[in-house]
1. For the stretch 72-104, give me each residue that is farther than 19 Å from TYR34 by Cβ and either within 10 Å of the chain's Cα centre (by Cα) or exposed (fewer than 14 other Cβ atoms within 10 Å of the Cβ) (or both).
2. Could you please find all residues in the stretch 1-20 being within 13 Å of ASN53 (Cβ to Cβ) and assigned to a helix (DSSP H, G or I)?
3. Name the single residue that is surrounded by the most Cβ atoms within 10 Å (Cβ to Cβ) among those in the stretch 25-55 being part of a loop (DSSP other than H, G, I, E, B) and at pLDDT below 75.
4. Which number in (1) at pLDDT below 85; (2) over 11 Å from the mean Cα position of the chain (by Cα) marks the one condition that SER58 misses?
5. Having 1 or more residues that are more than 19 Å from LEU9 (Cβ to Cβ), free of Cβ contacts under 8 Å to residues at least 12 places away in the same chain and not polar (S, T, N, Q) is the bar; report the helices (runs of 4 or more DSSP H) wholly within the stretch 72-113 that clear it.
6. Condition (residue is among the hydroxyl-bearing types (Ser, Thr, Tyr) and either at pLDDT 90 or above or touching a Gly at 6+ places or on another chain (Cβ under 9 Å) (or both)) applied to the stretch 96-113: is it met by at least one residue?
7. Note down all Cβ pairs under 8 Å where the first residue falls in the stretch 1-27 and is within 14 Å of GLN45 (Cβ to Cβ), the second is in a strand (DSSP E or B) and of a type in the set (S, T, N, Q), and they're at least six residues apart or on different chains.
8. Is it fair to say HIS69 is modelled with pLDDT under 80 and more than 14 Å from the chain's Cα centre (by Cα)?
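The values are calculated or read from the model by the stated rules, or taken from the named source; none is laboratory data. Bear in mind that the values here come from a model prediction, so they are computed numbers and not experimental data. Glycine also receives a Cβ, built like all others from the backbone with ideal geometry; neighbour counts cover every protein chain displayed.
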Amino acid sequence: MNIEGCVALVTGANRGLGRAFAEALLAGGAAKVYAAARDPSAFLQREVIGVENILLESDYPHADSTWPHTQERVRAQLAGLSPAEIERVTWRNASELFRHPVPAAYAQDPNAW
């Protein structure tokens, strides 16, 4: 399969099989590989993965999701990230991946909503 220039989304890309898929896609010439992460180790590896390639994942409504503790876990996971990195992983990367425009008021102040 020719993946050169393609865009891919890999869940669980911070370890195991997901990480192997992400690495293989990048080695195969994928233009962009987004890594959906709910495991805090993804944020520790952001220099390797690239913060512009990480999406926050809650996996709701699956049985292994972080709900109903998602907000607390997200706050804890993002504690060491800069405001620019938080913006990337919480909404900007997903907006770019899915080509979904974000209202200007939200882009300027995510807490405005």
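1. Of the stretch 72-104, the ones farther than 19 Å from TYR34 by Cβ are 72-73, 75-76, 79-80, 82-83, 103-104.
Result: GLU72, ARG75, ALA76, ALA79, GLY80, SER82, PRO83, PRO103, ALA104.
2. GLY18, ARG19
3. Initial filter on the stretch 25-55 (part of a loop (DSSP other than H, G, I, E, B)): 28-31, 38-40, 45, 50.
Checking the rest, the ones that are also at pLDDT below 75 come to 38-40, 45.
Values: ARG38: 20, ASP39: 15, PRO40: 14, GLN45: 17.
The selected residue is ARG38.
4. Failing condition for SER58: (2).
5. Ranges flagged: 83-87, 104-108.
6. Pass one, the stretch 96-113, residues among the hydroxyl-bearing types (Ser, Thr, Tyr): 106.
Now narrow it down to the ones that are either at pLDDT 90 or above or touching a Gly at 6+ places or on another chain (Cβ under 9 Å) (or both): none.
Looking through the stretch 96-113, none of the residues is among the hydroxyl-bearing types (Ser, Thr, Tyr) and either at pLDDT 90 or above or touching a Gly at 6+ places or on another chain (Cβ under 9 Å) (or both).
7. GLY18/THR11
8. no
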